[in-house]
Structures are given as C-alpha cells and as structure tokens.
Amino acid sequence: MLFDSLDKLKRNSILSSILLVFLGAVIIICPQSYIPVLTLAFGYILVIISIILILNFLSSKKSLMDYIKFTGSMILGIVGLAVLLYRNDVMRVLAWLFAFLLILDGARTLFHAFTYARRSQRRGWWVLAILSGILIVIGIVLFINPFRNTSDTLMKAIGCAVFFSAIVSGIRLIWTWPLRSSKGGNEDGE
C-alpha cells in the first residue's frame with residue numbers, strides 16, 4: 001500500500017519538477033515585450049485544461065474525488081477566463097494564481113514530509129519540512145505582491161519562485177523514498 005502511493009508520488013514529483021523547471025525558465029527568460037503574449041497563452045491553456053478536466057468529469061464514475069477534481073477544474077477555468085478578460089490586471093491575477101499554487105505545493109510537501117519522509121527513516125527529513133514552510137512563505141509573499149512597480153520584476157519573482165518549487169519537488173522525491181531496514185524488511189512491515 002505504501003509503495004503504491006510512493007510510486008505515484010515519484011511519478012508526480014518527476015513530472016512536476018520537469019514542468020516547473022521549464023515554466024520557470026520561460027518566465028525568467030521572457031523579455032518585457034512578450035509578457036502580454038505569454039499571459040494570453042497562459043489564459044488559453046488554463047481554459048483548455050479546464051474544459052478537458054470537465055469533460056473527464058462527465059465521463060467518470062462520479063466519486064467524491066471526481067467532484068473535488070471538478071471543483072478544481074471549474075476554479076481553473078474561472079482563473080483562465082479572468083486572465084483573458086482582465087488583461088490590464090493580469091499580472092496581479094497571475095501572481096495570485098502562482099501564490100495559491102505555491103502554497104498548495106508547500107502544504108502538500110509538508111504533508112509528505114511528515115507522512116513519508118519521517119517514516120522512511122532518513123536523517124534530516126525535517127529539512128523537507130523547513131523547505132515546504134519556505135515555499136508557503138514565498139507563496140504568501142507573492143500573494144501580498146510587494147513587486148507593484150513593474151511587471152518585469154513580478155515575472156522574475158514568479159519565475160524564481162517556480163524554480164525553487166521545482167527544487168523542493170526534487171528534494172521531496174529523494175526524501176520520501178523509504179530505505180531498507182537492517183532487519184531486511186521495508187518500512188511498511190514487509
């Protein structure tokens with residue numbers, strides 16, 4: 001049971017790390033003149049992902065998890081529409097979106113630190129808990145948005161925060177994989 005959850009966590013961590021590194025690089029490298037095009041593309045991508053998730057919900061078994069995913073996809077679609085409709089305030093919307101995602105990722109990493117990393121009998125598992133706390137604080141700082149002066153500064157701050165999130169996701173992958181104990185069994189009692 002534990003190893004099935006950890007295999008799923010491993011795949012999700014690898015995929016999210018790759019996507020976050022790519023997204024962080026695009027955001028940091030993007031020049032000031034391309035920011036409106038990047039935000040429009042981001043808005044359209046959010047709407048398309050939301051539509052796909054809603055269509056998946058319509059063909060699902062309608063369990064509690066499916067309803068939770070449906071609610072998340074509706075929120076994602078609303079955020080995508082807000083990005084498309086409010087282009088003048090789009091940087092604030094994007095900062096709030098990334099702040100929300102960073103806070104959720106930090107909370108998920110904190111949960112995994114106490115659920116899996118501590119159980120895996122690794123030394124220094126608390127480092128993952130501290131990094132997830134820092135990730136939550138970065139999300140709160142982006143939500144407050146002290147970078148009101150320029151959109152370029154805000155984009156660079158979002159890109160750096162996304163890179164840090166990718167690093168934390170990679171560390172989460174390393175620290176949550178259980179070690180074999182000296183008795184020959186695994187942590188989950190095999």
Report the semi-axes of the equivalent ellipsoid for region 26-153 in whole Å, largest first, where each axis is √(5λ) for an eigenvalue λ of the Cα gyration tensor.
29, 24, 11
R0 = 30 Å: FRET efficiency of residue 143 with residue 22, Cβ-based, nearest 0.05?
0.80
Highest average packing first - 124-136, 30-42, Cβ atoms within 10 Å:
124-136, 30-42
Could you tally the net charge around residue 165, taking each other residue with its Cβ under 14 Å from the Cβ of residue 165, Lys/Arg +1 and Asp/Glu -1?
+1
Let me check against my output: what whole-number percent is the relative contact order of region 1-83, with C-alpha pairs under 8 Å and at least 6 apart?
33
Using only Cα atoms, what is the ratio of the radius of gyration of region 1-76 to 2.2 N^0.38 Å?
1.43
Would you please report the Å³ per residue occupied by the convex hull of the alpha carbon atoms in region 54-94?
53
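A short reminder: the numbers here are calculations on the coordinates, not readings from a lab. Quantities reported herein were computed from a predicted structural model and do not represent experimental measurements. No Cβ is skipped: glycine too gets one built from the backbone with ideal geometry, and neighbour counts run over all protein chains shown.
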